[in-house]
Amino acid sequence: MPLEFKKSVSDPIYGTIGLTELELGIIDTQVFQRLRHVEQLGLANYVFPSADYSRFAHSIGACHTMGQILARLEAQKPRGEELPDDEIQFRRVAMLLHDIGHYFMSHAAEYALEAHQDAIATAAIPAPGALGAPTTFDYCDHEQVGKLILEHDPELSTIIRGLQPDGKAADRLAAMFKGAFDETYWSLVSSELDADRLDYLMRSSQATGLPYGHFDRDYIIQNLMTDSSGRVCLHAKAIRAADHYVLCRSFDYLQVIFHKTIVGFEEMLKRCIRYLLETEKLKLGKTDLEAAVKSHKWLSYTDAWLMDQIRRIPKTADPTVVAMRDRLIRRKPAPMLWSHEELMGTRKDEAKLTWHRQLGHVFENGGADWTKNCLYWFKHFRPTDASPFQTTYKKEAKDDENKEKSIHVLGRTGAARPLTEWKESFTRHLSNQAYVMVRVYYIGPPKEEAVTRVEFTNLMKTLKFGDGIR
């Protein structure tokens, strides 16, 4: 029996989205309404003026997408074997809440927090024979924050506890956010072809005005099915659509998320957040977060609130921090000193990047004084990875998880195989490739830029590297 929709909302991507009474109750909580004030694409609107849609709109769109996929998959089952209505509803709720724990400015804040914890942990390593200081910062990713909210938010936790008789709905939802392999249709919540990505790409394309998110979404959903083990996969006739989807996602990352100007702003944002953490203007360890959720202080942690904290960075702070503060507030991009981009084999060509290691070592290990005015950025991703946000080559152990979460296509034996193992697939050839980007920006005070450029040029003359400055 289909779920009953109590209300419909208009959406620029899908036209009309139906919502159940339970979903409306969740949406009306203050903690969900906070997502109206958290941008999906961070500072991308500094380059693409209309790219300012929120996690709120995306979450509702992802819930709708989950509903469409489930309707397709359940329609293929014999009568009487369908998932119960409460399980259908539970999976829609999982997508509605999958981003509930995102920090202000989304991933930029998360990476800054992780780097802050790493710095503290490194500082705590004792010298031989000495006792080390304890690590004093407990970083939580947005899925972990989501679990804290599900358990402790005064409004939402009451709704969540009522979803299942055993009271463990929060644990189950948090596991689904991470990719709970024991769940029916687990990949629809967290995988390379999940409801999150299917909505995100369409919405990002519509917001930026770029064409890369216009993959054949309807055809992909129409060709979803399950194999003999219950894995969600695609019919073989949808291989071309799957290839197109993978390419669309790759181009979207390259043209939006990894856009040179956006990267410059996002990296300066991360450094300003780290300054606020180091000076304890921001307190976001696990204990602090739990207290903020319980007291509803978390509701104030929006993008606008963060930018106000950055505006409050005093003029007496480190000159480089002050310069980054001013660039962010005034929308003044960080000048590019050098860049290199290359599509290359993921492992056999790694040795060719010796110049990258030399360059990174100079900026990441406290070299000459002038290097504090530079921002070194390295990124590589494989277009076929479930998550392309990687800074180093993956270890083999991680490859197994990525393979599990990759797009699968139904074979003649009744079992699905990864798209990258199909000879007809263009993606198969991309699976052995990584797109590598190395950039150096100037982020210091304007008066020191000319001297820094001279010092940087002299440094580059001493290194053996690729294509040179461009």
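Each value in this text was obtained by applying a stated rule to the coordinates, not by laboratory testing. The shown structure was predicted, so the numbers you read here are calculated from the model rather than taken from an experiment. Note that each Cβ is placed from the backbone with ideal geometry, even for glycine, and that neighbours are counted across all protein chains shown.
Tabulated values for the structure
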quantity: Nonlocal amide H pairs with Asp11, under 5 Å, H built at 1.01 Å; calculated: Thr16, Ile17
quantity: Charged-residue dipole, Cβ positions (Lys, Arg, Asp, Glu), the chain about Cα centre, Debye nearest 20; calculated: 1420 debye
quantity: Selection from Tyr441, Leu459, Phe56, by position along the positive dipole direction of the chain (Cβ); calculated: Leu459
quantity: For the chain, calculated [θ]222 nm from helices alone, where every DSSP H run of n ≥ 4 adds -39500 (n - 2.57); calculated: -13500 deg cm²/dmol
quantity: Dipole-positive endmost among Phe104, Thr65, Gly80 within region 29-115 (Cβ charges, Cα centre); calculated: Thr65
quantity: Whether region 1-116 is rounded, prolate or oblate, judged on the alpha carbon gyration tensor where a/c under 1.5 counts as rounded; calculated: prolate
quantity: Reciprocal of mean inverse Cα separation for region 186-294 (Kirkwood radius, Å); calculated: 16.9 Å
quantity: Over the chain, relative contact order from alpha-carbon pairs under 8 Å, at least 6 apart, %; calculated: 16 percent
quantity: Tilt relative to the chain, helix 55-75 - C-alpha long axis, 0 to 90 degrees, to 10; calculated: 40 degrees
quantity: Cα-Cα over 26 Å, subset of Lys237/Lys403; Lys178/Lys423; Lys7/Lys294; Lys281/Lys372; Lys7/Lys178; calculated: Lys178/Lys423; Lys7/Lys294; Lys7/Lys178
quantity: Stokes-Einstein D in µm²/s, Kirkwood radius over Cα pairs - the chain at 20 °C with 1.002 mPa s viscosity; calculated: 89 µm²/s
quantity: Acute angle (nearest 10 degrees) that the helix 169-178 long axis makes with the longest principal axis of the chain, alpha-carbon atoms; calculated: 60 degrees
quantity: Cross-link partners of Lys447 among aspartates and glutamates (Cα-Cα below 16 Å; sequence separation of 8 or more within a chain); calculated: Asp318, Asp326, Asp369, Glu455
